[in-house]
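Asks: Encoded as structure tokens, here's the structure I'll be asking about.
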Amino acid sequence: MTTQRNGLPDAFHVFDTTLRDGAQGEGMALTVADKLAIAKHLDDLGVGFIEGGWPGALPKDTEFFARAQSELNLRNAQLVAFGSTRKAEKKASEDPQVLALRDSGAGTICLVAKSHVGHVERALRTTPAKNLEMITDTVTFLRSEGKRVFVDCEHFFDGYHLDPAYAVEVVRTAAAAGADVVVLCDTNGGMLPSWVHRVVSEVLAATGARLGIHCQDDTGCAVANTIAAVEAGVTHVQCVANGYGERTGNANLATVVANLQLKMDIACLPPGKLKELSRVSHAIAEISNMTPRHHLPYVGMSAFAHKAGLHASAIKVDPDLYQHIDPTLVGNDMRMLISEMAGRASVELKGKELGHDLTASPQALANVVERVKAMEARGYSFEAADASFDLLIRSELDPESAQLFELESWRVIVDRDVAGEVRTEATVKLHAGGKRFVATGEGNGPVNALDMALRQGLEQVFPDLARLELVDFKVRILEGAHGTGAIVRVLVETSDGETEWNTVGVHENIIEASWQALADAVTYGLVQQAERA
């Protein structure tokens, strides 16, 4: 038995194709540097194979493989070059693209081959028999050059439905030529789990070949189809980080791996690596400039977030009562969400998460519960505003710690002249440190001007305030039927260069809602700085 570089037996493969198939997704525009960075994270996770792209066909991928030789020091994964079988009119040893695969520096080659008669005849414009010759010649040549070869049977399931005998013959031919794994591809993503299970079982029985699976997500079943294929005997799974990919995407790497390892007891990552799953998922999202999907299974921020009071009461007794796994196994955390559904248990657990022991003050706990329900009835939401909720708790446990300054008044003036130039000026009157301050700030809009004025006033008492930076600002209309008089919710994200936090404000007036969120953001930042001092 051969062994992968990550020390796991070769009996089961996790094959990542984020850099090739995932990069085809809408909104994905990976540079070569991005691809190298993602490859390092995937190697850290411990996947067995990383498909880097198509050298010889795409200049960016050719550059990636050239740079990979000196810039990637893979400890767990093997780099894979992707390409197609030779052209119908050429020998493999003379086909430039096949030679580019040989010369890519990758020890493993993944070839795409046609297994659907319609594609053979209409896309390749050749005969079914000639297609089999192309597969045999290309695999045999690359094997003779010392390469390990996998063959992706494109549109396999649709081809099997149309002509099962030919689809099976493609598998037999690839295996006989020396392909280590023949991958059955649901290229159009139209399969369902029971269909995949049946076809894989039939093909395995008919060929005896080592089979892999590659699923698109057009029916929303890519992960389920992958698991069904494994249950039917597949020992090689092709996946993409965060489910990226063309159209609706591919089977999600994290979900597939976690299911295999935690639910099916299949060792597909090196020991201790599963806990890196959440970190790697988020890191790849950042590199790809894609917003992390909060509701992804296992690795999403909401994967172990609990909101209803009934759930919280049970979780207080035993977290496993409402969680299918311990979130720390995949590097995630349990989170309590505070909403109008919150009961005493929810607030108590969330307070503990934020570092406050509300059990020591039953009255404060009761007050927080009632205030949350009343405020959420007015439009507040603390689910994405932990900092505002932290200050709410502090105002009950220790009011002075959450009241670092007092607003006397604010005023915002917006002028637009005949030339169309807009100027905004804000004035705030504050009391802090036993003094009264009047500060004026100018900005590119009302909120920016208020932020500048608030800082100018408070920096005289709190010089560390200069480190705070507003990094995001979101507005949501809560009652659209009221038109311009609707209640709005403002969410502000702030950073001090070390951590980030979110605060919320709600009012019919968007500037007042913004002021509430800004005031909380500044207060929370100052409190955190004082506690770290």
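The values are calculated or read from the model by the stated rules, or taken from the named source; none is laboratory data. These numbers come from a predicted model, not from an experiment. Quick reminder, even Gly has a Cβ in these numbers, built from the backbone with ideal geometry, and neighbours come from all protein chains shown. Accessible surface is based on the protein model in full, side chains and every heavy atom, while ligands, DNA and RNA are left aside. Shrake-Rupley method; radii C 1.70, N 1.55, O 1.52, S 1.80 Å.
Asks: In the neighborhood of residue 228, defined by Cβ-to-Cβ distances under 15 Å, what is the net charge if each Lys or Arg adds +1 and each Asp or Glu adds -1?
Replies: Local charge sum for residue 228: -2.
Asks: Looking at this model, which pairs from 90/130; 40/147; 60/91; 352/474 are more than 21 angstrom apart at the alpha-carbon?
Replies: The answer is 40/147; 60/91; 352/474.
Asks: For the range 100-172, calculate the relative contact order in percent as a whole number, restricting contacts to Cα pairs under 8 Å that are 6 or more residues apart.
Replies: 45
Asks: Another one. Which value, in Å² rounded to 10, gives the accessible area of residue 473 with a 1.4 Å probe and all protein chains present?
Replies: Ignoring ligands and nucleic acids, residue 473 comes out at about 70 Å².
Asks: If you bin the C-alpha pair distances of the range 206-259 every 10 Å from 0, what whole percents do you get?
Replies: Percent of Cα pairs in each bin: 28, 53, 17, 2.
Asks: In Å², and per residue, what accessible area does the chain have when probed at 1.4 Å with the other protein chains present?
Replies: 44
Asks: Let me ask another. Below 8 Å, C-alpha to C-alpha, sequence gap of six or more: please give me the relative contact order for the chain in percent.
Replies: 9
Asks: With charges set only on the Cβ (+1 for Lys and Arg, -1 for Asp and Glu), what does the dipole of the range 159-223 come to about its Cα centre, in debye to the nearest 20?
Replies: It works out to roughly 200 debye.
Asks: Related question: Principal axis lengths of the range 363-440 from Cα atoms, whole Å, largest first?
Replies: Between the extreme Cα coordinates on each principal axis of the range 363-440 lie 57, 33, 17 Å.
Asks: May I have the pair-distance distribution P(r) for the range 73-160, computed from all Cα-Cα distances with 5 Å bins from 0 and rounded to whole percent?
Replies: Spelled out per bin, shortest first, that is 3, 15, 25, 23, 16, 10, 5, 2, 1.
Asks: Where does helix 362-377 land angle-wise versus the long Cα axis of the chain, in degrees 0 to 90, nearest 10?
Replies: Result, in degrees: 70.
Asks: What are the lysines whose alpha-carbon lies under 17 Å from the alpha-carbon of residue 263, with same-chain residues fewer than 8 places away excluded?
Replies: Correct list for residue 263: 273, 275.
Asks: So for each of 364-377, 508-521 I average, over its residues, the number of other beta carbons within 10 Å; can you give me the resulting order with the highest mean first?
Replies: 508-521, 364-377
Asks: From the helices alone, meaning DSSP H stretches of at least four residues, give me the mean residue ellipticity at 222 nm for the chain, per-run term -39500 (n - 2.57), in deg cm²/dmol to the nearest 500.
Replies: My calculation for the chain gives -12000 deg cm²/dmol from helical runs alone.
Asks: Size of the dipole of the chain about the Cα centre, Lys and Arg at +1 and Asp and Glu at -1 on the beta carbon, nothing else charged, in debye to 20?
Replies: The calculation lands at about 1060 debye.
Asks: At 20 °C and a viscosity of 1.002 mPa s, what translational diffusion coefficient does Stokes-Einstein give for the chain, taking Rh as the Kirkwood radius over Cα pairs? Give it in µm²/s as a whole number.
Replies: D = 80 µm²/s.
Asks: For the range 150-282, max minus min Cα coordinate along each principal axis, in Å, sorted largest first?
Replies: Cα spread of the range 150-282 along its principal axes, largest to smallest: 44, 30, 23 Å.
Asks: Keeping all protein chains in position, work out how much accessible area residue 35 exposes to a 1.4 Å probe, and write it in Å² to the nearest 10.
Replies: Approximately 10 Å² for this residue.
Asks: Once the dipole of the range 104-215 is set up with Lys and Arg at +1 and Asp and Glu at -1 on Cβ about the Cα centre, which of 194, 106, 205 lies farthest towards its positive end?
Replies: Towards the positive end, the residue furthest out is 106.
Asks: In nm, to one decimal, how far is the modelled label at residue 60 from the one at residue 290, with both set 7 Å along Cα→Cβ?
Replies: Result: 1.3 nm between the two label points.
Asks: Another question, if that's okay. Could you give the alpha-carbon Rg of the range 447-533 over 2.2 N^0.38 Å, rounded to two decimals?
Replies: Taking N as the residue count of the range 447-533, the ratio is 1.16.
Asks: Excluding residue 84 itself, what net charge comes from residues whose Cβ is under 11 Å from its Cβ, given Lys and Arg +1 and Asp and Glu -1?
Replies: Value of the local net charge: 0.
Asks: Now for a different question. Where does the charge balance sit around residue 209 when Lys and Arg score +1, Asp and Glu -1, over other residues with C-beta under 11 Å from its C-beta?
Replies: Result for the local shell: +1.
Asks: In the range 18-111, if every C-alpha pair distance is counted and binned at 10 Å from zero, what percent goes to each bin?
Replies: With a bin width of 10 Å, the distribution comes to 17, 50, 26, 6, 0.
Asks: Distance from the Cα centre of the range 419-440 to that of the range 211-266, in angstrom?
Replies: Using only Cα atoms, the two centres lie 56 Å from each other.
Asks: In whole Hz, what ³J(HN,Hα) sequence does the range 118-130 give by Karplus (6.51, -1.76, 1.60; θ = phi - 60°), x for Gly and Pro?
Replies: Once θ is set to phi - 60°, the couplings for the range 118-130 become x, 5, 4, 7, 9, 8, 7, 6, 9, 9, x, 5, 5 Hz.
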